[in-house]
Amino acid sequence: MNILPRILYPMQMLPLWFPKKNISDLERSFSKFIWQGKKPRVKMKNLQLPVGSGGQALPNLKFYNWACHTRTILNWLHSYLKSQPCLWPEIKNNPIIFNTVKVWQDIMKCAGRRGFLSGLTPLTGNRDFLPGVQKSLFHRWHGKGIRVAGDLFLDNTLMSFNQLKDKFELESGSFWGYLQIRHFITSGKLKPTGEMPVYCDIDDFVLKMTNTRHLISKAYLLFCSVDHSGIDHIWRTWEKDLSTESIFMCNRLVEMQYKLLLRLYITPQILNKMNSNRSPLCNKCQREIGTFVHCFWHCPVIRKFWEGVARKMGNILKINFTKDPGFFFLGLPAKDIGLTMWGPVMEHLPTSLQEITFKGRFVFE
Ligand SMILES: [Zn+2]
């Protein structure tokens, strides 16, 4: 539990760029620990997927490294937007800055933007965009709100000079500046016709994120969502084998079952023992002590849920269930159901399970 913070601290203090080899070495150590030196049974990439996508949310060190660099990127961008350049020319060859730029390139590559001009490309102080007309023109535009390439777009389409003039109150004589900037943007593969969003999700994130609270975890989740490598191929194989559609897979349900069996949930009663300021009462009915068995079985609010499950199952099997906590709560065999009854159960299982699963959220909310 405390391994990740120990790794994150030096990562935040030393903005390093990890080559693939270093990441593989670190992941190999993780794997060795998880599988006790034996041959891994599940790919590291699959273990790193979010629980809701079939993974085990094992930390992805590369994404955490990127998330640590995001703080620096965010500072640079927002300082530039506020006309407070924080990158002095004399420190441009600094290895630390080089690392962050390299990480940004890796992030853009992951977002499928490799070789494309970013919507966040600055239009002043940019070595790749050396103005041929009056140098001060783009500085004046910066003051009027045209600071990055994305500012020249409206609904993912490059604005005409007249549109820009009206929007940012530009001088009529600055048309040559517009032609130059248009050439720069079109040659940088930022399509002016709206085929591709000017800002990708990551651009949007760093642009809109002004508060650095929980920045690393938010950036980490974003990188996980942008990375499309997943276990879709496993679903597709099941769908093909069973000639069905919409296979549903979520380790969270399996995990929930283990947590129930091992009594891992922290109940209000335990919380009260840990901190006497917390109420020991059940947080659903607010009347009785929130013991484990009360929260999951005896609580009148939860009983309604189980009654719904019993009704649904009863309708399918045409029998009345005795409210047996062993069956409903722990999945033990029900006394009321003979083996011959399982045929219809299996037939209706997909729909009833789906319905019950969605209702199941109610238990924990
Ligand atoms: Zn209760």
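The values are calculated or read from the model by the stated rules, or taken from the named source; none is laboratory data. Quantities reported herein were computed from a predicted structural model and do not represent experimental measurements. Here the Cβ is made from the backbone with ideal geometry for all residues, glycine too, and neighbour counts use every protein chain on show.
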Suppose the filter is within 30 Å of ALA57 (Cα to Cα), within 14 Å of the ligand (Cβ to nearest atom) and under 31 Å from the mean Cα position of the chain (by Cα); does THR267 pass it?
yes
So, first residue within 6 Å of the ligand (Cβ to nearest atom) in segment 281-299, second residue assigned to a loop (DSSP other than H, G, I, E, B) and acidic (Asp, Glu), Cβ within less than 9 Å, six or more apart or across chains; the pairs are CYS282/GLU288; HIS294/GLU288; CYS299/GLU288
By residue number, the members of segment 300-318 that are near the ligand (Cβ under 10 Å from one of its atoms), without any contact (Cβ under 8 Å) to a residue 40 or more places away in the chain and either of a type in the set (A, V, I, L, M) or farther than 21 Å from LEU330 by Cα (or both) are VAL301
Within the set of pairs 6 or more residues apart or between chains, which connect a residue that is within 18 Å of THR212 (Cα to Cα) and among the hydrophobic types (A, V, I, L, M, F, W, C) inside segment 9-23 to a residue that is assigned to a helix (DSSP H, G or I) and modelled with pLDDT of 90 or more with Cβ atoms less than 7 Å apart?
MET11/TYR64; MET11/ASN65; MET11/CYS68
Residue by residue through segment 227-251, note down the ones that are part of a helix (DSSP H, G or I) and modelled with pLDDT under 70.
ASN251
